[in-house]
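A.B. asks: One structure coming up, written as structure tokens, with questions to follow.
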Amino acid sequence: MTEVIVTRKGQVTIPVEIRRKFGIEESSKVEIAEQDGMIVIRKRPSIFDLAGSGAGKGNVDELKRMLDQMRNEDA
């Protein structure tokens with residue numbers, strides 16, 4: 001466990017080892033949540049992190065059918 005200091009403005013510095021391990025770079029987004037009485041910091045995935053994550057999970061015909069259905073509902 002690494003100890004960090006909270007500044008007067010409530011800011012903390014994420015240690016470089018942790019930033020490297022989780023790919024947190026300048027302008028990366030993180031979310032802070034309370035979980036079981038603890039503060040949890042999670043890296044928010046970027047669109048680039050998600051690229052290819054849906055590969056093989058659907059087929060073109062099914063997607064076209066769903067799009068046609070949504071278009072009909074909007075009409």
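Readers should treat all values here as calculations from the given coordinates under stated rules, not as data from a laboratory. Note that the structure is a prediction, hence the values are computed from the model and not measured. Neighbour counts are summed over all protein chains in view; Cβ atoms, including those assigned to glycine, are modelled from backbone coordinates with ideal geometry.
A.B. asks: Pull out the extension gain between Met1 and Asp68, defined as 0.36 nm times the separation in residues minus the alpha carbon to alpha carbon distance; nm, one decimal.
C.D. replies: Computed gain between Met1 and Asp68 is 18.9 nm.
A.B. asks: Determine, for Phe48, Phe22, the number of other Cβ atoms within 10 Å of each Cβ, and report the residues in order from fewest to most.
C.D. replies: Phe48, Phe22
A.B. asks: For the chain, what is the relative contact order in percent, using Cα pairs closer than 8 Å and at least 6 residues apart in sequence?
C.D. replies: Taking the mean separation of contacting Cα pairs over the length of the chain, I get 15 percent.
A.B. asks: With each pseudo-label sitting 7 Å past Cα toward Cβ, what's the Phe48-Asp61 distance in nm, one decimal?
C.D. replies: 3.8
A.B. asks: Here's another thing I want to ask about it. If the reach is capped at under 23 angstrom between alpha carbons, list the lysines near Lys29, excluding any in the same chain fewer than eight residues apart.
C.D. replies: Leaving aside lysines fewer than 8 places away in the same chain, those within reach of Lys29 are Lys9, Lys21, Lys43.
A.B. asks: For helix 60-74, what angle does its Cα long axis make with the longest principal axis of the chain, in degrees from 0 to 90 and rounded to 10?
C.D. replies: Roughly 80 degrees between the two axes.
A.B. asks: Moving on to the next point. As an exercise, find the ratio Rg/Rh for the stretch 16-74 from alpha-carbon atoms, using the Kirkwood inverse-distance average for Rh.
C.D. replies: The Rg/Rh ratio comes out at 1.22.
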